[in-house]
Each structure stands twice: as structure tokens, then as C-alpha cells.
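To start, the structure under review is shown below, and the notes come after it.
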Amino acid sequence: METKTKVGIDAIGFYAPHYYLDLKNLAEARGVDVNKFHIGLGQEKMAVVPPDEDVVTMAADAGEKALRYVEKEDIHLLLFATESAVDQSKASGIFVHRLLNLPSRCRVVELKQACYSATAGLQMALPLLRENPNKKILLIASDVARYGLNTSGESSQGGGAVALVLSHNPRILAIEPESGFHTEDVMDFWRPNYREEAIVDGKYSCELYLKLVQKTWEQYSALSARTYFDHAHFCYHVPVPKLVEKAHQCLVKMNGLPKLTRAELDTQIGPSLQYGRIVGNCYTAALYLSLLSLLENTDSDLRHKRIGFYSYGSGCVAEFFSGIVQEDYQKMLDKSGHAIMLESRQGLSIEEYEAFYRFAYPVNGEALVISSNYHNGRYRLAEMDAHKRIYKALPE
Ligand code: CAA
């Protein structure tokens, strides 16, 4: 049953960098059997962000795509979700606000809680939209997933951005009010202010991800009185696809069903993992990339179907909620544009990947003009000067 006042996702934009590392190259360089990555993690490629792109430029590219479908003047709030922000004080979204020419009467704020904060933004936006039916909110999730070279986290890096326009009477997905959520103070993954790479207790983080899918589902299903069968599909936060498969099997088990076969898993959650498998983890954006992947890659007609969502952010906060796909959702997708973006990417050798990884920005205020030879979207980090990042938009 759909709720009367519908609020949710009206438009969606996705940007992935032009470069990727094939995990075959990583396996060979690190002396690991490639099946560990392909089968053990379910991961094939990971996006690599070039020196002149960051969470701001990726967010601007994704935001521009989402805004094709709406009047910019209607955006009165920009929520920027990230855990790889470029500044400790200024919200990354303010750079994006200028690059996208958003109205000055538009609030901008950055949200942080590991991979969960885009879901926090979504849930905080919904009551605001119910009170302001003529306004729209731009929620952008943008991240660079970065672990140490030669560490076990290295194969689960990636990067990208997903922008969502949230509104009344949304054209893609109406979010339902019931939600299960859980917070616990744990150290499974974190990044102290003085570090560029996350620190992770990998196995523990996976245990928590799986434990909280159970806790949040139990709460959500008790509040909504829905079972597994009331949902046509499920989308999960995607650190690596294999963990999502494990979470889905947990859900199946909790609902008293037998373990799914490989073929059943592929049918039920395969389409939602298609983009994540070749982009890698993009932290805050990963769950919403999974939604986009499902909408664009499933053969089924999803109109009026319910999707269950599991959001997890280390540290940790997790949430289970649901939404109903809307009548016109197909008109709001860009499957061919995304295919072109992803298929025209350039694979890097291990040396090129490590050179991108090691690229160091000045930390003493020195000026640096960043080479414009990289292939990127419409926005780039062109220079650094006196500790300031200078972003430029390329001509349309
Ligand atoms: N063929 C097939 N499978 C193989 C294999 C081979 N040759 N070699 C190993 N495998 C399998 C292993 O059996 C294992 O499978 P199971 O998990 O089913 O037992 C799988 O490959 C992975 O092997 P390991 O456990 O040895 O891998 P690892 O030590 O490299 O750790 C990881 C994997 C924990 C995901 C690590 O990549 C990591 O720490 N990543 C970053 C943290 C992360 O993504 N955590 C996820 C939850 S936290 C979260 O969700 C927030 C977030 O986004 C970070």
C-alpha cells in the first residue's frame, strides 16, 4: 500500500571516473590468485580517481546529470554526503553549489557517518519535503575509497558519485515511512584526520555488516509487518559484491527460506550489483548506485514494486527501509549514457595505478597547476594555491 504524501527520489545522476584497475592486474602484481578477487570478493574492476578529480568534481558531474530533469531554482537544500571530504571546515558541497550554478537561497551542508551518511540525508530530507511540497533537495553522495597499497583492503577500493533529486511526488521511488535503524560504537573502519587511507579491521567489519542486516531487518519488518515476500528486490550497501550475497542469504535464512542457489542469487540481486562489480566501493554512493544498477539492468518491469534497502556505515550506523518504484521511472534513467561512460573507460597498468595513488598535493600552500592531460568529466581540480582548491568547469 503506497503512502498518501509521496516523497522520495525524483531524478538520479551517476558519475564514475574514466580510469579503472582490472583486478587481474592487481592479482598478478600482488601474487594473489585472481579467483580470490573474482569469486571470493565478486569484484572485477575498481575505479581509480585521477589527480584532477575528487569528491567535488565527481559530485558536480553526477549533480549536473540529475539536474537535467528539474528546475535548479527549486533546489533549496544541497546535502553532500561523503567520508573523503577535501576540507575539515568548508562543506565540499559549496564548491558544487557554484559549479552547478545553484540559487544563492539554497542551504548547503556536509554529512558524515562513513558509508551511511547519504541515507541519513535521505531520511532527514523526507519530513522537510512533506512540509515544503514545492521545494526540492539535491542529495549528493561522493567518495573515493582508499586503503593502503599492498593491504587486504586494496582490492576493495573504488570511487564515484550518485546525485539524487528528492521531491514530493517523485518520479523514481517513493520512500516508505517504516525504518529499522541501529547505532553502536565500534572500531571496524575509520580514518583519523591525519591519514589519507582508511584503517580497517576487515573481518570484524564484515561481521558487523551481517549482524546489523539482521537487527535492522527485524526492526523494520516488525514495524511494517512486511515479510521477505512483500519485496520484489533488495539493494544493499556494496563494499564488495560477495558480502552483499552473504547479507542476502542471511535475510533469506531469517525468513525461514532455504539457502539460495547461485542462479537464484544472480536473478535476485545480480542486476543490483552489476555497476558496483566494475566500479568498486564508492562508500556513501554505493547503496544508491546499487539502486540505479537494479533499475537499469533488470529485465523485469519494476513499476509499483517494493524494494528493500540496507545501508551500513562503519563505526557504526545501519538502517533498513523500503521504497516503491513509480510509474514513470524508466523515463528518468540513462542506461545507454551509463554504458558509454563505463565501457569507454581506460584500464590502467599497475604502474599507472600506483602513480595516480601516490600523486601528492602540496600541503605547504605552494601553487600547483594540475596537468590537464587526464581524461575526466566536465569538472576538474585545475590548481592548488595558498591551500585553496581551484575547480574549473570545461565548456559544454
Ligand atoms: N578462489 C576463490 N575464493 C577465494 C580464493 C580463491 N583462490 N582465495 C580466497 N578466497 C575467498 C576466501 O575464502 C574468502 O571467502 P569467504 O569470505 O567466503 O570466506 C574471500 O575470498 C576473501 O578472502 P579473505 O577473507 O582472505 O580476504 P581478505 O583478508 O583480503 O579480506 C575484505 C576481504 C575483508 C573484504 C578486505 O578486502 C577488506 O578489509 N576490505 C575493506 C573493508 C570492507 O570492505 N569491509 C566490508 C564491511 S564494512 C563496510 O561495509 C563499510 C565500507 O564500505 C568500508
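The values are calculated or read from the model by the stated rules, or taken from the named source; none is laboratory data. Computed from a predicted structure; not experimentally measured. Note that each Cβ is placed from the backbone with ideal geometry, even for glycine, and that neighbours are counted across all protein chains shown.
Here the condition is being β-branched (Val, Ile, Thr) and touching a helix residue (DSSP H, G or I) at 6+ places or on another chain (Cβ under 6 Å); of Val70, Val32, Val7, it holds for Val7 alone. Scanning the stretch 192-201 for residues that are more than 10 Å from the ligand (Cβ to nearest atom) and in contact (Cβ under 8 Å) with a residue 40 or more places away in the chain gives Asn193, Glu196, Glu197.
Within the stretch 105-121, the residues that satisfy the criterion of being closer than 20 Å to Asp74 by Cβ and part of a strand (DSSP E or B) are Arg107, Val108, Val109.
In the stretch 122-200, counting only strands (runs of 3 or more DSSP E) that sit wholly within it, the ones holding 3 or more residues that are farther than 15 Å from Thr284 by Cα span 158-168, 173-183.
Here Val32 meets each of (1) within 20 Å of the chain's Cα centre (by Cα); (2) within 15 Å of the ligand (Cβ to nearest atom) with one exception, condition (1). Are any of the residues in the stretch 333-345 part of a loop (DSSP other than H, G, I, E, B) and closer than 25 Å to Ala382 by Cβ? Looking through the stretch 333-345, at least one residue is part of a loop (DSSP other than H, G, I, E, B) and closer than 25 Å to Ala382 by Cβ.
If the condition is being surrounded by 24 or more Cβ atoms within 10 Å (Cβ to Cβ) and within 16 Å of the ligand (Cβ to nearest atom), then the stretch 294-315 contributes Phe309, Tyr310, Ser311, Tyr312, Gly313, Ser314. Does Ser322 fit the bill of being touching a Cys at 6+ places or on another chain (Cβ under 7 Å), modelled with pLDDT of 95 or more, crowded, with 21+ Cβ neighbours inside 10 Å and under 17 Å from Gly8 (Cβ atoms)? No; evaluated as a whole, the condition is false for this residue. Of all residues in the stretch 202-222, those satisfying the criterion of being more than 17 Å from Val317 (Cβ to Cβ) and either surrounded by 14 or more Cβ atoms within 10 Å (Cβ to Cβ) or within 16 Å of the ligand (Cβ to nearest atom) (or both) are Gly202, Lys203, Ser221. Screening the candidates Gln326, Gln346 for the property of being touching a Gly at 6+ places or on another chain (Cβ under 9 Å), of a type outside the set (A, V, I, L, M) and touching a residue at least 24 places away in the same chain (Cβ under 8 Å) yields one hit, Gln326. The single condition from (1) over 20 Å from Gly270 (Cβ atoms); (2) free of Cβ contacts under 8 Å to residues at least 12 places away in the same chain; (3) not aliphatic (A, V, I, L, M) that Lys331 fails is (2). Considering (1) under 30 Å from Thr82 (Cβ atoms); (2) free of Cβ contacts under 8 Å to residues at least 40 places away in the same chain; (3) surrounded by fewer than 21 Cβ atoms within 10 Å (Cβ to Cβ), the lone condition that Leu257 does not fulfil carries the number (1). Among the residues of the stretch 253-290, those that are of a type outside the set (Phe, Trp, Tyr), part of a helix (DSSP H, G or I) and either away from the ligand (no atom under 16 Å from the Cβ) or on the phi > 0 side of the Ramachandran plot (or both) comprise Met254, Ala263, Glu264, Asp266, Thr267, Gln268, Gly270, Pro271, Gln274, Ile278. When Ala47 is tested against (1) away from the ligand (no atom under 16 Å from the Cβ); (2) among the aliphatic types (A, V, I, L, M); (3) more than 18 Å from Leu128 (Cβ to Cβ); (4) at pLDDT 95 or above, only condition (1) is not met.
No other residue among Ser293, Ser311 is in contact (Cβ under 8 Å) with a residue 12 or more places away in the chain and part of a strand (DSSP E or B) apart from Ser311. As a summary of the residue check, Glu73 satisfies the conditions (1) acidic (Asp, Glu); (2) surrounded by fewer than 24 Cβ atoms within 10 Å (Cβ to Cβ); (3) under 16 Å from the mean Cα position of the chain (by Cα) except for the one numbered (3).
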